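To keep things clear, I will list the structure first and then write my remarks on it.
The values are calculated or read from the model by the stated rules, or taken from the named source; none is laboratory data. Since this is a predicted model, take the numbers as computed values, not measurements. With ideal geometry, Cβ positions are generated from the backbone for all residues, glycine too; neighbour counts draw on all protein chains shown. Surface areas here come from the heavy atoms of the whole protein model, side chains and all, with no ligands, DNA or RNA. Shrake-Rupley method; radii C 1.70, N 1.55, O 1.52, S 1.80 Å.
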Amino acid sequence: MSRVYNFSAGPAVLPEEVLREAAEEMLDYKGCGMSVMEMSHRSKVYDGIIKGAEADLRALLQIPDNYKVLFLQGGASLVFASVPMNLMKNRKAGYILTGQWAKKAFAEAKIYGEAVELASSADKTFSYIPDCSDLPITEDMDYVYICENNTIYGTKFHKLPDTKGKILVSDVSSCFLSEPMDISAYGMVYAGVQKNVGPAGTQIVIIREDLLTDDVLPGTPTMMKYKVHADNDSLYNTPPSYGIYICGKVFQWLRKNGGLTAMKERNEKKAQILYDYLDESKLFRGTVRKEDRSLMNVPFVTGSEELDAKFVKEASAAGFVNLKGHRTVGGMRASIYNAMPVEGVEKLVAFMKEFEKNEQV
Ligand SMILES: *Cc1c(COP(=O)(O)O)cnc(C)c1O
């Protein structure tokens, strides 16, 4: 068996320790004689798994008691619709457009009401985070929406927008659990877990209790009402039970490894290794304004499509895989999520230096 250094943006690398444990428990989970994917989601054993996962997540993020944690299905893209369905009481909300995922959420919200563009960085291919200190937020807006870490473009909000008292809804899919965050600053945060936390198919919603009401937009399917899921502790129907189990293992791995403060330090160290090299390299350069750089997704280019393609191909052959940039951006992108070891980034940079040297002769 040989494992590669996987720089995929998602589904992405998971901790090897977690995968090994899951493999050991595959046929017989702790003496049950069956796999977690074969057991009833209403069994006592599974109850322990889902409750344990929630407790570990609450401990990691220090989630206040007046927030509910929901384990749902449908991917982050379904949330683009369930946010307006559940929260757009006045049928008006403000969106900050910082990339593809924010744009998609914005387009989806327009199906349900008036979605207003508050700010955008489209003018420079989303390579920066716009100034959000004085946004044109109006009294009748139900919420302000952001995509906090832009997976495709490699930007991150390092400071949250001034929402002028409106609730903030944030898509944290690609930075979830990469560093501590203050949940009380948000009305709702959500993440598709396949970026930094677990296998595709599960999404996690953390929502303030007072926002859970029956007063949703007409026509909202039962399965998309957050209150229904909250009232049933994420067991209204069959949840993505195996995915939640793996997420729970990743939460435990995070706690064992020092929690989110330690994770942030490690992630900063990894990102710095890569950004420092991009800043000094004469061949490669980062595409994002320095102060808005993401710790998780690092896009870079050589300036020549041909050379980019050559690099991706040679890197892949050397065991550094999934470095090709998103199809809408081109170039390269290294996603260096929690489970990517420091050593993986060091080796990648050593490989890049060697490539640069060979190109110059
Ligand atoms: C990947 C991603 C999505 C879409 O996730 P799906 O689970 O495929 O719907 C949405 N937002 C962000 C920030 C992402 O990185």
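Both numbers refer to the Cα atoms of segment 125-235; Rg and Dmax are 15.2, 42 Å. Simple spin-label estimate for residue 51 and residue 1 gives 3.2 nm between the two label positions (7 Å along the Cα-to-Cβ direction from each Cα). FRET efficiency for the pair residue 255 and residue 133, taken as 1/(1 + (r/R0)^6) with r the Cβ-Cβ distance and R0 = 45 Å, rounds to 0.80. For the listed peptides 98-105, 25-32, a ranking on the average number of other beta carbons within 10 Å per residue, highest first, reads 98-105, 25-32. The distance from the alpha carbon centre of segment 10-82 to that of segment 165-212 is 16 Å, rounded to a whole number. Shown in residue order for segment 132-147 are the 3J(HN,Hα) couplings computed by the Karplus curve 6.51 cos²θ - 1.76 cosθ + 1.60 at θ = phi - 60°: 10, 8, 8, 7, x, 7, 10, 4, 7, 7, 7, 6, 10, 10, 9, 9 Hz (x for Gly and Pro). Annotation: amide H of residue 118 within the under-5 Å range of 95, 96, 97, sequence separation 5 or more or interchain, hydrogens built in the peptide plane. Counting only heavy atoms of the protein chains and using a 1.4 Å probe, residue 290 has close to 130 Å² of accessible surface.
I'd like the Kirkwood hydrodynamic radius of segment 260-359, using the inverse of the mean 1/r over distinct C-alpha pairs, in Å.
13.7
For the pair residue 276 and residue 90, label points projected 7 Å from Cα toward Cβ lie 4.9 nm apart.
Dipole magnitude for segment 148-199: about 100 debye, using +1 per Lys or Arg Cβ and -1 per Asp or Glu Cβ, origin at the Cα centre.
Could you please report the charge total around residue 246, scoring K, R as +1 and D, E as -1 over all other residues with beta-carbon less than 11 angstrom from its beta-carbon?
Here the charged neighbours net out to -1.
Label point 7 Å out from residue 184 along Cα-to-Cβ: which residues of segment 47-65 have amide N under 17 Å? Once the point is set 7 Å along Cα→Cβ of residue 184, 58-65 turn out to lie under 17 Å by backbone N, inside segment 47-65.
What does the extension gain come out to for residue 291 and residue 140, with contour length at 0.36 nm per residue minus their alpha carbon separation?
51.1 nm
In order along segment 258-271, the phi-based Karplus estimate (6.51 cos²θ - 1.76 cosθ + 1.60, θ = phi - 60°) of 3J(HN,Hα) comes to x, x, 6, 5, 5, 5, 4, 4, 5, 5, 5, 4, 4, 4 Hz; Gly and Pro are listed as x. Remark: C-alpha extents of segment 1-106 on the principal axes read 52, 37, 27 Å, sorted largest to smallest. A full extension of the chain between residue 25 and residue 305 corresponds to an added length of 96.3 nm, given 0.36 nm per residue minus the alpha carbon distance.
For segment 16-256, with only Lys/Arg (+1) and Asp/Glu (-1) charged at the beta-carbon, what is the dipole magnitude about the Cα centre, in debye rounded to 20?
200
For the chain, the Kirkwood estimate of hydrodynamic radius, built from reciprocal distances between every pair of different alpha carbons, is 21.3 Å.
With all protein chains kept in place, the per residue accessible area of segment 260-359 amounts to 48 square angstrom at a probe of 1.4 angstrom. For segment 162-228, the antiparallel share of DSSP beta bridges with both residues in that region comes to about 60%.
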